[in-house]
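Worksheet: the structure to be examined is printed underneath.
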Amino acid sequence: MKLYYFPGACSLAPHMALREAGLNVELEKVDLASKKTETGVDFTTINPKGSVPCLRLDNGEYLTECAVLLQWIADQKPSSGLAPAAGTPERYRLMETLNFIATELHKGFGPLFNPALPDAARKIALENLQGRLGYINQQLAGKQFLMGSGFTVADCYLATVLGWAGFLKIDLSPWPNLGAYLGRVMARPAVQATMKAEGLG
């Protein structure tokens, strides 16, 4: 397998999941501005969307979209507990959570990375994001991890997205469960190894 990634981008989530599952993967960094991989390949010939993450499977096929990659990785190693079994009510709850992270949080942070975003638009984006962060803060009340006591791929995704708050200078202190949760996830050995491999820790 090969994971095409950019340090700290949403590709960090499947990278974490791969390490949590104990699966061997080759890494290839992508320059998202030039759309070139570190070996000089035009990344759009690999993923026409031009975005990471992209996972080349052992059969030569490519798989994209963070929430999908996370579930695929979990299903390669069911014993890891990274996702409930397919078809169970718990799996649909995981899928529900992954979709919320992808569509509400991930996309909510997206505009804030644009330095040309007008102040009025930035204010609206932040206000929308605050409501979603409040929701996740409530979901984490009394829990170690998003789905309860066990670490899942949803935590890989949420921790990745919450990590962007520091880069964007968004104060998470109004939501105390988020900071404590992020600390728990980032302390995991596989997560620390992931951060080190991407030059982030």
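Annotations for the structure displayed:
- Area accessible to solvent at ASP155, 1.4 Å probe radius, in Å²: 0 Å²
- When nucleic acids and ligands are ignored and a 1.4 Å probe is applied, SER79 ends up with an accessible area of around 110 Å².
- Low-density loop positions, trypsin sites (Lys or Arg not before Pro), the stretch 118-155 - DSSP coil, at most 15 other Cβ in 10 Å: LYS143
- Local charge for GLN192 was computed over the other residues whose Cβ lies under 13 Å away, with Lys and Arg +1 and Asp and Glu -1, and equals +2.
- Against the criterion of solvent-accessible heavy-atom surface with a 1.4 angstrom probe, LYS2, LYS49 sort, most first, into LYS49, LYS2.
- Extension gain, PHE113-GLU26: 0.36 nm per intervening residue step, less the Cα-Cα distance, totals 28.5 nm.
- Once all protein chains are placed together, MET186 keeps about 60 Å² accessible to a 1.4 angstrom probe.
- Per-residue HN-Hα couplings for the stretch 145-161 [Karplus 6.51, -1.76, 1.60; θ = phi - 60°; Hz; x = Gly/Pro]: 9, 4, 9, x, 8, x, 6, 10, 5, 4, 6, 4, 6, 4, 4, 4, 5
- Taking the protein heavy atoms of the stretch 112-201 in the context of the full set of protein chains, the accessible area attributed to carbon and sulfur is 57 percent at 1.4 Å.
- Measuring nothing but how far apart in sequence close Cα pairs (under 8 Å, 6+ apart) lie, relative to its length, the chain scores a relative contact order of 23 percent.
- When you filter the GluC sites (Glu not before Pro) in the stretch 1-48 for DSSP loop state and at most 13 other Cβ atoms inside 10 Å of their Cβ, you are left with GLU38.
- Accessible area expressed per residue, the stretch 47-201, with surrounding protein chains retained (probe 1.4 Å, Å²): 51 Å²
- With the convex hull drawn around the C-alpha atoms of the chain, the volume per residue stands at 123 Å³.
- Across the stretch 24-33, coupling constants 3J(HN,Hα) worked out from phi with the 6.51/-1.76/1.60 Karplus curve, θ = phi - 60°, read 7, 8, 8, 10, 9, 6, 10, 7, 6, 6 Hz, and Gly and Pro carry x.
- Relative contact order [Cα under 8 Å, 6+ residues apart], the stretch 115-201, whole percent: 24 percent
- Projecting the Cα positions of ILE46, GLY60, ALA13 onto the charge dipole of the chain (unit charges on Cβ atoms of Lys, Arg, Asp and Glu, taken about the Cα centre) puts ALA13 furthest along the positive direction.
- Here the sum of -39500 (n - 2.57) over DSSP H runs of 4 or more residues, divided by the residues of the chain, equals -14000 deg cm²/dmol at 222 nm, to the nearest 500.
- A cut-off of 5 Å between modelled amide H atoms, ignoring neighbours fewer than 5 places along the same chain, links LEU27 with LEU3.
- For the stretch 170-175, 3J(HN,Hα) computed residue by residue from phi via the Karplus equation (6.51, -1.76, 1.60; θ = phi - 60°) reads 9, 6, 8, 4, x, 10 Hz, glycine and proline entered as x.
- Note on exposure: PHE167, PHE109 ranked by accessible area (1.4 Å probe, complete protein assembly) read PHE167, PHE109, with the most exposed listed first.
The values are calculated or read from the model by the stated rules, or taken from the named source; none is laboratory data. Please read all numbers here as calculations on a predicted model, not as lab measurements. Don't worry about glycine lacking a Cβ; one is built from the backbone with ideal geometry, like all the others, and counts go over all protein chains shown. Quick note on the areas: whole protein, heavy atoms, side chains included, nothing else; ligands and nucleic acids left out. Shrake-Rupley method; radii C 1.70, N 1.55, O 1.52, S 1.80 Å.
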